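Below you'll find the structure, written out as structure tokens, and then a few comments.
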């Protein structure tokens, strides 16, 4: 009740959503434990940290869930290079549209990865078709659409496309800060490229003082250095943000990349915990600090922003405001598969998880008790918790999972 009261009294002026790329909760925890994430830790200490937060196991479906508040599994493509079989771009009310409808100016900085323009025409205008008045960023990963690296990437700026040879995170950070400082009543989605490959040591200006030099051939340490660089950037941007009048949401889009994970088969692209458990924290506008174990999903960002703006959430969505009631009894994560590509989906409660994987009709099912078996190494037999297993299977099948 106290959180709801403070939240209701805060001015509805600004929203900043910070989306990390390929960072699992476990990865951020490791960097923070080593003392290299002081800015995110300080933000977390001023807000609510959700320790039971999830996203889809790969980025394009997660970004779709972020924007439209629904469970989502399929690829949307990157616009300049549509993927075979990708879903058509959505044209209904999305995150940017919601912000604009409530009187905010909306801008997107960084990675899009949500396909082309739903109304036809240049892919560079795709975010503008979803409420954003400005997009400065890249269509997908830095090595997509003709780019090759963080220092040679496709830069879309006000519908113009060029190749930039400047360090991608620095360009996007500077554009975001310039826009934020010159705009009032604003909604910004900062869709970072870090810590997605290619793995590298960021320039010294993006690392904390005294950060150790990871060996060039140790990709895990390079990846952790990229997370430390995220923290440096978050600190610099927050110097321009008044938390008294800004709702800040920081979260991840999926888990640890396979080639830098402790167990590649249980990381990104899988619905094991390392693939879907992500950071999720919310701060600003008078919210009291604390931790929460409620189930949270990336689809909850849209209704949470609506809650803050005192707007009704769009109809037909699956997400729920993380600041309101009711709470999720279960969440769904996955990536879509197809006739020849295996899918990987799960429905999970706070304690149990049902995974379904494979290509129909050869679907494998596993059911885990995550309290007794947090490492997901001992699937329960069919007879154990049979009613809950049937319920969760029905929820997946209702979403089209075979």
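Consider segment 45-64 and keep the residues that are closer than 16 Å to residue 269 by Cα and in contact with a strand residue (DSSP E or B) (Cβ under 7 Å, 6 or more places away or on another chain). The one that is surrounded by the fewest Cβ atoms within 10 Å (Cβ to Cβ) is 58. Checking the stated criteria, residue 356 turns out to be crowded, with 20+ Cβ neighbours inside 10 Å, outside the structural domain of residue 246 (by TED's automatic domain parsing) and over 27 Å from residue 292 (Cα atoms). Considering (1) surrounded by 19 or more Cβ atoms within 10 Å (Cβ to Cβ); (2) at pLDDT 95 or above; (3) under 22 Å from residue 267 (Cα atoms), the lone condition that residue 322 does not fulfil carries the number (3). Taking segment 37-54 as the range and being in contact with a helix residue (DSSP H, G or I) (Cβ under 8 Å, 6 or more places away or on another chain) and within 27 Å of residue 352 (Cα to Cα) as the test, the residues that pass are 48, 51, 53, 54.
Is segment 350-358 home to any residue that is out of contact with any helix residue (DSSP H, G or I) (no Cβ under 9 Å at 6 or more places or on another chain) and at positive phi? Taking every residue of segment 350-358 in turn, at least one turns out to be out of contact with any helix residue (DSSP H, G or I) (no Cβ under 9 Å at 6 or more places or on another chain) and at positive phi. If I filter segment 330-337 for residues that are in contact with a strand residue (DSSP E or B) (Cβ under 8 Å, 6 or more places away or on another chain), in a helix (DSSP H, G or I) and either without any contact (Cβ under 8 Å) to a residue 40 or more places away in the chain or closer than 30 Å to residue 42 by Cα (or both), do I get at least one hit? Looking for residues that are in contact with a strand residue (DSSP E or B) (Cβ under 8 Å, 6 or more places away or on another chain), in a helix (DSSP H, G or I) and either without any contact (Cβ under 8 Å) to a residue 40 or more places away in the chain or closer than 30 Å to residue 42 by Cα (or both), one finds none in segment 330-337, hence no. Checked against (1) part of a loop (DSSP other than H, G, I, E, B); (2) surrounded by 23 or more Cβ atoms within 10 Å (Cβ to Cβ), residue 229 passes all but condition (1). Number of residues in segment 297-315 that are without any contact (Cβ under 8 Å) to a residue 60 or more places away in the chain and part of a loop (DSSP other than H, G, I, E, B) equals 2. The single residue among 130, 113 that is at positive phi, touching a helix residue (DSSP H, G or I) at 6+ places or on another chain (Cβ under 8 Å) and at pLDDT below 95 turns out to be 113. For segment 261-296, a residue qualifies if it is closer than 24 Å to residue 329 by Cβ, under 18 Å from the mean Cα position of the chain (by Cα) and in a loop (DSSP other than H, G, I, E, B), and the qualifying residues are 270, 271, 272, 278, 279, 294, 295. Scanning segment 33-50 for residues that are within 16 Å of the chain's Cα centre (by Cα), modelled with pLDDT of 95 or more and either more than 26 Å from residue 142 (Cα to Cα) or in a loop (DSSP other than H, G, I, E, B) (or both) turns up at least one hit. Candidates 385, 367: the one that is more than 24 Å from residue 265 (Cβ to Cβ), without any contact (Cβ under 8 Å) to a residue 40 or more places away in the chain, outside the structural domain of residue 246 (by TED's automatic domain parsing) and buried (at least 16 other Cβ atoms within 10 Å of the Cβ) is 385.
Just to verify a result, which residue in segment 149-187, among those that are part of a helix (DSSP H, G or I) and touching a strand residue (DSSP E or B) at 6+ places or on another chain (Cβ under 7 Å), is surrounded by the fewest Cβ atoms within 10 Å (Cβ to Cβ)?
179
Residues that are at pLDDT 95 or above and crowded, with 24+ Cβ neighbours inside 10 Å do occur in segment 312-319, at least one of them. Those residues that are closer than 22 Å to residue 177 by Cβ and either outside the structural domain of residue 307 (by TED's automatic domain parsing) or free of Cβ contacts under 8 Å to residues at least 40 places away in the same chain (or both), I need them from segment 218-261; list them, please. Within segment 218-261, 226, 239 qualify.
The values are calculated or read from the model by the stated rules, or taken from the named source; none is laboratory data. The model shown is predicted, which means the values in this text are computed figures rather than measured ones. When we count neighbours, we look across all protein chains shown, and the Cβ atoms used for this are built from the backbone with ideal geometry, even at glycine.
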